[in-house]
Structures are given as structure tokens and as C-alpha cells.
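Worksheet: the structure to be examined is printed underneath.
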Amino acid sequence: MDYGLLKQIPLFQGIETHELKSLLSCLGAICKSYEKGETVIMAGSRAEQIGIVLAGTVQVIKEDLVGNRTIIGNVDKCELFAEVFACASVDVVPISVIASGDCTVMWVSFRKIVTACPSSCVFHTKLIENMMKILAVKNLALNRKIDCLSKRSIREKLIAYLISVADHQKSLTFSIPFDRNELADYLCVDRSAMSRELGRMRNEGLIDYYRNTFRILSRDEFVV
């Protein structure tokens, strides 16, 4: 086990390296590898464990009854997923998680995170504190996405999203984690209409882009 990597995971921050082995045993941690396109969590299942991406990336998606797909987001290395559903003890998970490429996921028990173990491990307080912070950060991220989706036009949605990513990466030149189809699914818009709007924005000198790398050329005019 790469304990240096584990210390980069927000859930384990502030926990000493020599405590990590006991912690993983306490949480019943297991690791599993997945191939690209493989289902990590199937919609309709019950979430009792939290997934932690150790390598690769997974994508959280939701499909309606007729097969229309919405991308909720990507989960990168050292990030968590399914913690909200495990925390809420939902009977049926409404989303699926798919491996974007070959990846490795560590599964840990949410109940064991928030429940003191018989050994009274000293790291449990820090673990609970870290989990509360992660849930708060995820809530803020969800609010940012709701803000993007609440915009009326495709242009307004694109601007809100691109500004959000630029602010997060602290640069006017940045990469997004989606291709065009995925970005359209993420913003819940038509792919062809979105591509035409991106072209117009580039022709107007607002942005430039190549594949999934974007540059905001005129921040003053780049407003919703």
C-alpha cells in the first residue's frame, strides 16, 4: 500500500502514516481494479460503502427512463464518491458510476467512519472531521453546478461553467475533464447547438480552444 498516496486523500489528512495501517483495518478497506467502461456502481443498488479513487478516473452519470444521460461529474485520483448516498442511507442509489479508464478504487465502510470502534482509535475524531469537510465541499460544488444549469441560454451555461473552472484552476487557460459530448451531457444541452455557440464565442474573440483546453481571451466581456 502506498501510504504517501493515502496521505494525499482528504479523508485521511492529518492522520499520521504509522496510524494508516490500523485505520484501513478498522474501516474494512478493500481495493478493487476496474477496466475502462466497467460499472463501478449500478443505479438501483444500495450505497453502504464509500469509494476512493486510487488510480484513474470514474464518471458519475444519471440516465432517465428513455436513456437520456446526464453527467453529474468526474471523480479523479484521491477523490471520493458515493459518500452522500452512504451518509443519507438511501435505499436505492439514483446514479451509476463508470470507470473512465482503467482504475483502482478503495472501498471503505461509511458506518465504520462515523462510529467509534471497540479499539477507541485516536484517529476517529479526525476522520469524522475530515468527512464533514468533504461533504461541505461537495455541497458547494453542487451549488456551483446548479448555478450553471439555472442559466437560460446555452451561452450563459457555457460562460458560467468556464468561469467556474478558470476560477478553480486560477488561470484563464485551463483544461476541462469532458469531451464535447460529455460537456453537453454535463450542461444538459444539445451537443450540436453547444458546438455552434462555442464557435460563435471564438469568432467574437471571447475564447479560444483546442479539444478540451480553453482560454478566456476577454474576461471583462465574458459575463453572463
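The values are calculated or read from the model by the stated rules, or taken from the named source; none is laboratory data. What you see is a predicted model, and the numbers here were worked out from it, not measured in a lab. Note: ideal-geometry Cβ built from the backbone for every residue, glycine included; neighbour counts use all protein chains shown.
So here's what we get for this one:
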| quantity | calculated |
| --- | --- |
| V165, sole failed condition from (1) touching a strand residue (DSSP E or B) at 6+ places or on another chain (Cβ under 7 Å); (2) of a type in the set (A, V, I, L, M); (3) over 22 Å from R211 (Cβ atoms) | (3) |
| Scan of segment 186-213 for residues that are of a type in the set (F, W, Y) and in contact with a strand residue (DSSP E or B) (Cβ under 6 Å, 6 or more places away or on another chain), ordered by number | Y186 |
| Elements of type strands (runs of 3 or more DSSP E) in segment 24-74, at least 2 residues being under 14 Å from P94 (Cα atoms), among the β-branched types (V, I, T) and assigned by TED's automatic domain parsing to the domain that holds V105 | 39-41, 58-63 |
| In segment 183-196, residue nearest to the chain's Cα centre (by Cα) [restricted to those that are surrounded by fewer than 17 Cβ atoms within 10 Å (Cβ to Cβ) and of a type outside the set (K, R)] | C188 |
| Single condition K138 does not satisfy, out of (1) over 18 Å from K62 (Cβ atoms); (2) in contact (Cβ under 8 Å) with a residue 12 or more places away in the chain | (1) |
| Search result, residues across segment 169-182 that are surrounded by 15 or more Cβ atoms within 10 Å (Cβ to Cβ) and either without any contact (Cβ under 8 Å) to a residue 60 or more places away in the chain or among the hydroxyl-bearing types (S, T, Y) (or both) | L172, F174, I176 |
| Residue match in segment 101-111 (condition: more than 30 Å from A160 (Cβ to Cβ), free of Cβ contacts under 8 Å to residues at least 24 places away in the same chain and assigned to a loop (DSSP other than H, G, I, E, B)) | no |
